[in-house]
1. Of the residues in region 400-443, how many are touching a strand residue (DSSP E or B) at 6+ places or on another chain (Cβ under 9 Å) and in a helix (DSSP H, G or I)?
2. Can you tell me which condition Val371 does not meet? The list is (1) β-branched (Val, Ile, Thr); (2) outside the structural domain of Arg333 (by TED's automatic domain parsing); (3) closer than 30 Å to Tyr10 by Cβ, and all the others hold.
3. Among Ser260, Ser250, Ser339, which is more than 28 Å from Gly24 (Cβ to Cβ), crowded, with 24+ Cβ neighbours inside 10 Å and in the same structural domain as Lys209 (by TED's automatic domain parsing)?
4. Is region 179-191 home to any residue that is modelled with pLDDT under 85, polar (S, T, N, Q) and more than 23 Å from Leu331 (Cβ to Cβ)?
5. Checking Ser368 against (1) touching a residue at least 24 places away in the same chain (Cβ under 8 Å); (2) more than 23 Å from Thr430 (Cβ to Cβ); (3) of a type in the set (S, T, N, Q), which single condition isn't satisfied?
6. Going by what's in this entry, would Leu407 be described as loosely packed, with under 15 Cβ neighbours inside 10 Å, of a type outside the set (S, T, N, Q) and either touching a Lys or Arg at 6+ places or on another chain (Cβ under 8 Å) or at positive phi (or both)?
7. If I ask for residues that are crowded, with 16+ Cβ neighbours inside 10 Å and at pLDDT below 70, which ones from region 27-51 would you list?
8. List the pairs whose first member sits in region 340-354 and is modelled with pLDDT under 80 and assigned to a loop (DSSP other than H, G, I, E, B), whose second member is surrounded by 18 or more Cβ atoms within 10 Å (Cβ to Cβ) and among the β-branched types (Val, Ile, Thr), and whose Cβ atoms are under 7 Å apart, counting only residues at least 6 apart or on separate chains?
Amino acid sequence: MSNFETLQKYTIAELRVTLSNLGGAPNNKKKNELIDEILKIQSGEISAKRSNRGRPSERTKRAENGEYYFTGVKPSFATLNDFTGDTALTPESCSGYLEILSDGYGFLHKESFQKESSVYVPLPVIKVNGLRTGDYIEGSGKLLKDKHIIELSAVESVNGHAPNAIKRLSFLQEEPLCPSEQIVLGGDLSVLDKIAPIGMGQRVALLSKSTRQIKDFTCATLDALSKNQSVKTILYLADERPEQVSFYKSAYPFAELFYSTFDKEPEYRAHVAEIAFARATALAEEGNNVVIIVNTLTKLLKALLGAGGLYVADTAVSQRAVSAVLRYFGLARSIKNGSLTVIGAISTDIDAVACQILNSEVLQLANSKIVLDALLFEDGFTPAVDLLNSFTEDYELLLKDKTAINLVRAVKKALRGLAVTNQQAADMITTLPEEEVINKLNG
């Protein structure tokens, strides 16, 4: 399939995000104009134009250098002078997630991203080893006695590989492809595999009124992914309660965990989100299939609004904050070698204007939607998925088998006609052969 044919399947909202990520100015353009400009930028026929709002071409340039996709987030340290270091650290062994600042140098952070757990990384080390924000670095350092800080002097591994062992393009410069390989979950989520399958590179909007139900679904998904050796899993918790962070850290040690608790400053919470998605794209650039679960996009919006001096309850909506969340969500895609799947949970019971706008925009960008039924959940059914309203675009590319495709159609038709209840359909799907379910539903 050509890139033009792929882009033709995108919605207007998806094309705008794609063009913006490439450095173009998508404002007020029609679909064909958006596609034409995307193709010309990708082919090198034209250079990305600068917008009067935020200079997207500069953002793309920074992304290519391993820096942030959303430039509004305040970094950990404005300058090196803000970093006092920690003399308790030992220079023999240095490791952590890399954050590159605008001046070219960076810092290695542990999961908490606090100053005292960081190691200074000079610009020459970053350039020589081709390092990018989000890389996990292991190496050795030296103590700078005059500053009482540890400086990384030798890089031993980058994301588990020897430095420069893998040649990689910038994630945003890779051609986005339609998801064509399914992530089989199985277990409690086997009904989802058959009705609303998730592909590698999918943008999944997970909708629920209940935070308890979102947690239940997240745990079921993590249980499934723990058995899947073909994907790398990242869990990002926004504005979470400290005890819940402890639970996820203990229960799912295989998943890379990025979190910010509600007692932290909004700027800090926004910063952790930046690092989490930089980490996800860094892994995808290396050819990995990455799944990042975001709990929740609603709380992430709250953090970004707070960082801008606003709150979720305000009627004056910060489009910049909403756009930032969409930019994160829009990073999901399949590329030639690798993919990034984003499962973004949304709390649908919040009436704040900003949240309502976010929900609407996310649904336009999503190419998969999973709706959780609160009543079924309260009745003890799990996972309580609303099978009629949950769907995946182009699911035929994932299921491929004709019988599996006919099963989706038969179930949807029966549910629309009230021939079966949601739970009856779920029981049939998970206990009977596909052909038998189709025959029963078609009468």
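The values are calculated or read from the model by the stated rules, or taken from the named source; none is laboratory data. Predicted model only: the values in this text are computed from it and were never measured. For neighbour counting, all protein chains shown are included, and Cβ atoms are generated from backbone atoms with ideal geometry for every residue, glycine included.
1. Step one: of region 400-443, the residues touching a strand residue (DSSP E or B) at 6+ places or on another chain (Cβ under 9 Å) are 400, 408, 412, 422, 426.
Checking the rest, the ones that are also in a helix (DSSP H, G or I) come to 408, 412, 422, 426.
Residues in region 400-443 being touching a strand residue (DSSP E or B) at 6+ places or on another chain (Cβ under 9 Å) and in a helix (DSSP H, G or I): 4 in total.
2. Failing condition for Val371: (2).
3. Ser260
4. The answer is no; no qualifying residue exists.
5. (2)
6. Criteria not met by Leu407.
7. Ala48, Ser51
8. Ala352/Val312
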